[in-house]
Amino acid sequence: MSDKARKYKINDFLLKLPVSQYRDAVKIIPKVLGVSLNTFHNYRNILSGDKQDIPYEKVVLFEKLFGLKSGGLINKETKCKPLNELLNKERIGSGPSK
């Protein structure tokens, strides 16, 4: 295992389970997600700097399985200004239109 941080908190939740529940979870989760066991393990091992990502629908399922709020699965906070603010800034920066 690498010392780099994982992109998603999947392992954090799984490793908190007792061994018997962990084994069952590893069998059940791929079925719920509709992916192979190999794909599930690939999702678990995505590192924070990787370009690889989990499809949005699967992230939502993970969040529901783990009882997380939307956006709670990712280890890194995503920051972005609201579109309203960006549009206003763009309009002000371009000056008056003719």
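Yes/no matrix, rows are residues, columns are (1) over 15 Å from residue 13 (Cβ atoms); (2) without any contact (Cβ under 8 Å) to a residue 40 or more places away in the chain:
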{"site": "28", "(1), (2)": "no, yes"}
{"site": "55", "(1), (2)": "yes, yes"}
{"site": "62", "(1), (2)": "no, no"}
{"site": "66", "(1), (2)": "no, no"}
{"site": "75", "(1), (2)": "no, no"}
Taking the conditions exactly as written (under 21 Å from residue 5 (Cβ atoms), among the basic types (Lys, Arg) and open to solvent by less than 60 Å² (accessible area, probe 1.4 Å)), does residue 58 satisfy them or not? yes
Take the residues in the range 62-81 that are open to solvent by less than 60 Å² (accessible area, probe 1.4 Å) and among the aliphatic types (A, V, I, L, M); name whichever of them is nearest to residue 30 (Cα to Cα). 73
When both residues are 6+ apart or on different chains and their Cβ atoms are under 7 Å apart, which pairs have a first residue that lies in the range 32-51 and is outside any helix (DSSP H, G or I), and a second that is of a type in the set (Ser, Thr, Tyr)? 46/8; 47/2
Residue in the range 6-16 that is in contact with a strand residue (DSSP E or B) (Cβ under 7 Å, 6 or more places away or on another chain) and either among the aromatic types (Phe, Trp, Tyr) or over 19 Å from residue 51 (Cβ atoms) (or both) present: yes
What is the one condition in (1) open to solvent by less than 80 Å² (accessible area, probe 1.4 Å); (2) under 18 Å from the mean Cα position of the chain (by Cα) that residue 53 does not satisfy? (1)
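The values are calculated or read from the model by the stated rules, or taken from the named source; none is laboratory data. None of the values given here were measured: they were computed from a predicted structure. In this analysis, Cβ positions are derived from the backbone assuming ideal geometry, glycine residues included, and neighbour counts consider all displayed protein chains. All accessible areas refer to the heavy atoms of the entire protein, side chains included, with ligands and DNA or RNA removed. Shrake-Rupley method; radii C 1.70, N 1.55, O 1.52, S 1.80 Å.
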